[in-house]
Amino acid sequence: MSLLAFGVNHTTAPLELRERVSFGTDVMLQALSQLRGEKGIEEALILSTCNRTEVYCSLEQSGEQLPILWFSEFHGLKHDQLQPFLYKYPDANAVKHVLRVASGLDSMVLGEPQVLGQLKSAYQTALQAGSIGKLLSRLFQHSFRVAKQIRSSTMIGSHPVSVAFAAVRLAQQIFGNLSEQTALLIGAGDTIELVARHLHENGLKKMIIANRTLERSQHLAIEYSAYAIALSDIPHHLAEADILISSTASQLPILGKGAIERAIKARKHRPMFMVDIAVPRDIEPEAGELEDVYLYTVDDLKDVIQENMRNRKQAAMQAEEIIDTQVTHFMDWLHSLDAVSTIRALRDQAYSIQDEVLDSAQKKLRAGADPEKILQEVTRTLTNKLIHLPSTQLRAASAEDRNDLLSAVQELYNLKTDIPPSKSGK
């Protein structure tokens, strides 16, 4: 049995191709069922996100063409349309790839945690489809544990690398616990939506969202239990804001130094943390000169992000070392499966001999034979039968100068002999 991971991601394929080979939730169960039904494919799991589509398989024999051919045909692509963008990882390399994906080391944003949740969802879907068994189940459970170990034992997840996350992290550094703070978010685009999500996830309970289009701010307000206002209402709520983060497309500043100064006085000089993510800026730069105002621009956040990315890269080096060790552990377990059938056959043979000798002894005892003699006969017969076939095979191996087999038996049974093993290894 062998492992194979293959697919395309944001580094190997353009968006147009990634869109073509994605698996929607409406077809995922059908796709897994089809793939598992292909001859030679024992188990299968599919991960499909905006940045990657990957297939993980366990195969009866080493070989990659069958699942890749299915993948191409399922999406109506010719092999040569897909081949230039496809990566393939067999066996140990497949294990390493899974661990790197789960740990965020193969992501567009190094160390991001979202992919682990996506991988866990893909695992649950494969369980539901019945396309996953002992090997892949063990692999993905192993990957989840390794990802957790990396996140807890390295600093890879401790440094924000998005503008939105960096803004929220700076707020945490200033205020500590955010649960008692009030945030005023100006704008309703993707960046402000991310800021709202990060603030919500970090326990902030009171949030005001201001936007030129009230309908858009109301949509975000409903999702994050916030209060929606129009831009014109900002002066009435500015003094409430401990945290203010702004990202609009306005060509002129929305907040001037005077309005902020009045808000600070109304707050009795309790500090205000402001992040102006907009380009051009939404907040007059002079506001940063006010006492009790901590004003950051997008360039300040870029410095934080670049420094944190350097820290993440250092942490990633530690993570790669952990992954190399864990790949070895998993492959040791996988290789141990090769011995299972041999051990089972050996035990079955020994038990069969035992039953045969025991049955013969019981018949003689019922016929009135001396128990002590029967006991001696049983031990002698059982020993002779257990070592007869190995002895015969070893004599034949010796006659054929197969000292490799003789050495293996000496090691297996920890035997001490006067005949050293052949240096030739024959």
Inset, instruction - Residues that are at pLDDT 95 or above: find the helices (runs of 4 or more DSSP H) completely inside the range 1-75 holding 1 or more of those. - result: 25-37, 65-74
Legend entry - Matching option when the condition is in contact with a Pro (Cβ under 9 Å, 6 or more places away or on another chain) and touching a residue at least 12 places away in the same chain (Cβ under 8 Å), among Ala122, Ala126, Ala166: Ala166
Legend entry - Looking only at the range 163-197, and only at residues there that are part of a loop (DSSP other than H, G, I, E, B) and out of contact with any Leu (no Cβ under 7 Å at 6 or more places or on another chain), the one that is farthest from Ser225 (Cα to Cα): Gly176
Inset, instruction - Would you be able to say whether some residue in the range 168-175 is buried (at least 23 other Cβ atoms within 10 Å of the Cβ), touching a His at 6+ places or on another chain (Cβ under 8 Å) and more than 14 Å from Thr248 (Cβ to Cβ)? - result: yes
Inset, instruction - Specify which of the listed residues (Leu136, Leu82) is over 28 Å from Ala166 (Cβ atoms), in contact with an Asp or Glu (Cβ under 6 Å, 6 or more places away or on another chain) and either assigned to a helix (DSSP H, G or I) or of a type in the set (Phe, Trp, Tyr) (or both). - result: Leu136
Legend entry - Of all residues in the range 350-375 being in contact with a helix residue (DSSP H, G or I) (Cβ under 6 Å, 6 or more places away or on another chain) and either within 19 Å of His388 (Cα to Cα) or touching a residue at least 24 places away in the same chain (Cβ under 8 Å) (or both), the one that is surrounded by the most Cβ atoms within 10 Å (Cβ to Cβ): Val357
Legend entry - Every residue from the range 280-319 that is under 30 Å from Ser107 (Cα atoms) and touching a strand residue (DSSP E or B) at 6+ places or on another chain (Cβ under 9 Å): Tyr296, Thr297, Val298, Asp300, Leu301, Val304
Legend entry - Boolean, Gln118 is surrounded by fewer than 17 Cβ atoms within 10 Å (Cβ to Cβ), out of contact with any Leu (no Cβ under 6 Å at 6 or more places or on another chain) and under 29 Å from Gly157 (Cα atoms): no
Legend entry - Conditions (1) within 30 Å of Met1 (Cβ to Cβ); (2) among the hydroxyl-bearing types (Ser, Thr, Tyr); (3) at pLDDT below 80; number of the one not met by Ser424: (1)
Inset, instruction - Could you tell me whether any residue of the range 137-145 is over 28 Å from Arg20 (Cβ atoms) and of a type in the set (Phe, Trp, Tyr)? - result: yes
Inset, instruction - Determine, yes or no, whether Arg262 is farther than 16 Å from Ile243 by Cβ and in contact with a strand residue (DSSP E or B) (Cβ under 7 Å, 6 or more places away or on another chain). - result: no
Legend entry - Verdict on Glu38 being farther than 19 Å from Leu99 by Cβ and acidic (Asp, Glu): yes
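The values are calculated or read from the model by the stated rules, or taken from the named source; none is laboratory data. Given the structure is predicted, the values throughout are model-derived calculations rather than measurements. Neighbour counts run over all protein chains shown; Cβ positions are idealised from the backbone, glycine included.
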